[in-house]
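The values are calculated or read from the model by the stated rules, or taken from the named source; none is laboratory data. Note that the coordinates shown come from a computational prediction; the quantities given were computed from them, not determined experimentally. Backbone-built Cβ (ideal geometry, glycine too); neighbour counts: all protein chains shown. Accessible surface is based on the protein model in full, side chains and every heavy atom, while ligands, DNA and RNA are left aside. Shrake-Rupley method; radii C 1.70, N 1.55, O 1.52, S 1.80 Å.
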Amino acid sequence: MTSQATGHAFDWRFNENDQEFSLQGCLRPQSADELNGCMEALDTATSTVKGRLYLNVRRLVRMNNVAFQAIARHLVDTCVNRPDLNIQVTTSSCVGWSTRKFQALESANQNITVSEYDSDFYPGQTFLEEGGFIPILRTQTKLTWHHEREILGRHGLKPGMQMADICCGIGDFAVLAQKEYELGRLVALDHSKSSLDYARKVAAEFGVKGVEYVYGDASEMLLESNQFDFVTCRHALQVFDHPEEILKELYRICKPGGRVYITNEKNSHCLGEPRSETIQWTYNEVAKLWDHFDMDIELGPKSRRYLADGGFEDIKMESFMVTNLDGNPQDFADIIQSWENVYAGQMAVERGDSPEQIARFRQGFQDHIFAALHPKGYAGWPIWVASGRKPL
């Protein structure tokens, strides 16, 4: 949503998945009435979230006292009326006045906290420093969820089901599935203890109940057989050198008549325009790079065969394209940048690529970013979805 105030544009957006209300631009109204649309949207946001609301003002470059007083009153009143809700205001040290101004609210109500983005990251952000992919996983899930929230139902997920999310990572998909489907039971398993700690924190702060986070090896899970109606394993089979071994475990814990749902990629089909030639060359190289490390980022279209070989029946399969048009193009560009950092960084170096090879490799990622951010550009990342039923 966008509005105008005294000739200066300002934007507000509410991201339901991250429970984050963002303000950006120049917020300098002559009267509080000019903020009615924005305040109504903020009121809707605060009335629907659970646990914690993130108010992101780090891109708010100007704000006068009229605007601040209106927002401050709303936040304080909300905390009085909703003592169960915590509000975290995220500012930026690059806009020094915002921290000083909003910190006054901390003394007004103990449920309001203020942190600077630069020094105190929080779960609503996409940055969590652990390995190459963690900084961007929340953004990836946000863009894929745009498609998957409907796809899951077509593949058989229903409210009240018993579900397991295997290789759950930082747990954001499990949280979204629980909020959307109100499952009877949801177990989320991963082999990374730090990712699970993060996942528990996100669930607690968003007020999401009913997710059991379990530490374990996906190839040898300490979960009983035949107990879940729906088992998910997203973007994970492609990183194992023997994905069929993971599928055996997914099959084992699934109830007879239940379904296993997997998503995987075919990275060589990533596309962009303009500069399609260099983009195509780079993603062909990504496939070769993964193969060098015994991983298969081309697994997506092979999913049907893997499920059939694994003993599943009634196999359903479809694909979707995550694009720069699914939301903020910068989110898509951030994902590409994270790929470049990992693939053309540590992985290419460990493979022994020359500086010249790495430079050419990086250029394709940069051209993909250019396509994603170009006002007339188009950039895509294809995902394959497949599910199979365990026979009765």
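Before moving on, here are some points about what is shown:
- Radius of gyration (Cα atoms) of the chain, expressed as a multiple of 2.2 N^0.38 Å: 1.06.
- Label-to-label distance, Arg73 versus Asp33, with points set 7 angstrom from Cα along the beta-carbon direction: 1.4 nm.
- Rounded percent of accessible protein surface that carbon and sulfur make up, the chain, 1.4 Å probe: 48
- For peptides 37-48, 292-303, sequence by mean Cβ density within 10 Å, most packed first: 292-303, 37-48
- For the chain, the per residue solvent-accessible surface stands at 44 Å², with DNA, RNA and ligands left out and a 1.4 Å probe.
- Between the Cα long axis of helix 36-48 and the first principal axis of the chain there is an angle of about 50°, rounded to the nearest 10.
- Sequence ranges 178-185, 246-253, ranked by mean other-Cβ count within 10 angstrom, highest first: 246-253, 178-185
- Checking the cross-link pairs Lys179/Lys390; Lys288/Lys316; Lys316/Lys390; Lys179/Lys248; Lys158/Lys209; Lys248/Lys302 against a 19 Å limit on the alpha carbon distance flags Lys179/Lys390; Lys288/Lys316; Lys179/Lys248 as lying beyond it.
- Computed extension length for Met317-Ser194: 41.0 nm, one decimal, from 0.36 nm per residue of separation with the Cα-Cα distance subtracted.
- Taken as Cα centroids, region 330-392 and region 234-288 sit 13 Å apart, rounded to the nearest whole angstrom.
- Beyond 31 Å in Cα-Cα separation lie the following of the pairs Lys193/Lys266; Lys50/Lys376; Lys50/Lys266: Lys50/Lys376; Lys50/Lys266.
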